[in-house]
Amino acid sequence: MDKPVIRKITGDSIQADSQTDWKRVDALKDEDIDYSDAPELGASFWETAKVLDHGAKKPITIRIDQDVIAWFKSRGGRYQVLMNKVLRSYMENLDKHDQAR
């Protein structure tokens, strides 16, 4: 397996590679921003909205089957975040099942 390439990205390097006029963006006032393509979020949205931040993550060491870790990594992006989401979904659904008994 090839070694992954790890590259440190800072805010400055992102802006240096961007074609965005950041000085113009920083100078914008709220009333100058065009929100016409963003729908209003009414009360019904907030009634069902959930906070997704579950607090600080705890670093752990865990042994995962090679094929399982390969599958998560093949999904692209941040595979550890995906693994956490899968585990959280399992936990929440198991809790619902236990409460239904």
Count of residues meeting criterion [polar (S, T, N, Q) and assigned to a loop (DSSP other than H, G, I, E, B)] in segment 36-92:
2
State the number of residues belonging to segment 87-101 that are within 17 Å of Lys57 (Cα to Cα) and modelled with pLDDT under 85.
0
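Please go through segment 51-101 and give me each residue that is of a type in the set (S, T, N, Q) and surrounded by 10 or more Cβ atoms within 10 Å (Cβ to Cβ), ordered by number.
Taking segment 51-101 as the starting set, the residues that turn out to be of a type in the set (S, T, N, Q) are 61, 66, 74, 80, 84, 89, 93, 99.
Once the filter is applied, which keeps residues that are of a type in the set (S, T, N, Q) and surrounded by 10 or more Cβ atoms within 10 Å (Cβ to Cβ), segment 51-101 yields Gln80, Asn84, Ser89, Asn93.
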Six or more apart or on different chains, Cβ under 7 Å: which pairs go from a residue in segment 85-99 that's under 15 Å from His54 (Cα atoms) to one that's among the small types (Gly, Ala, Ser) and part of a helix (DSSP H, G or I)? Could you list them?
none
The correct count of residues that are of a type in the set (D, E, K, R) and either modelled with pLDDT under 75 or surrounded by 10 or more Cβ atoms within 10 Å (Cβ to Cβ) (or both) in segment 4-50 is 4
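The values are calculated or read from the model by the stated rules, or taken from the named source; none is laboratory data. All figures in this text were calculated on a predicted structure; none of them were measured in a lab. Cβ sites come from the backbone with ideal geometry, for glycine too, and all protein chains shown count toward neighbours.
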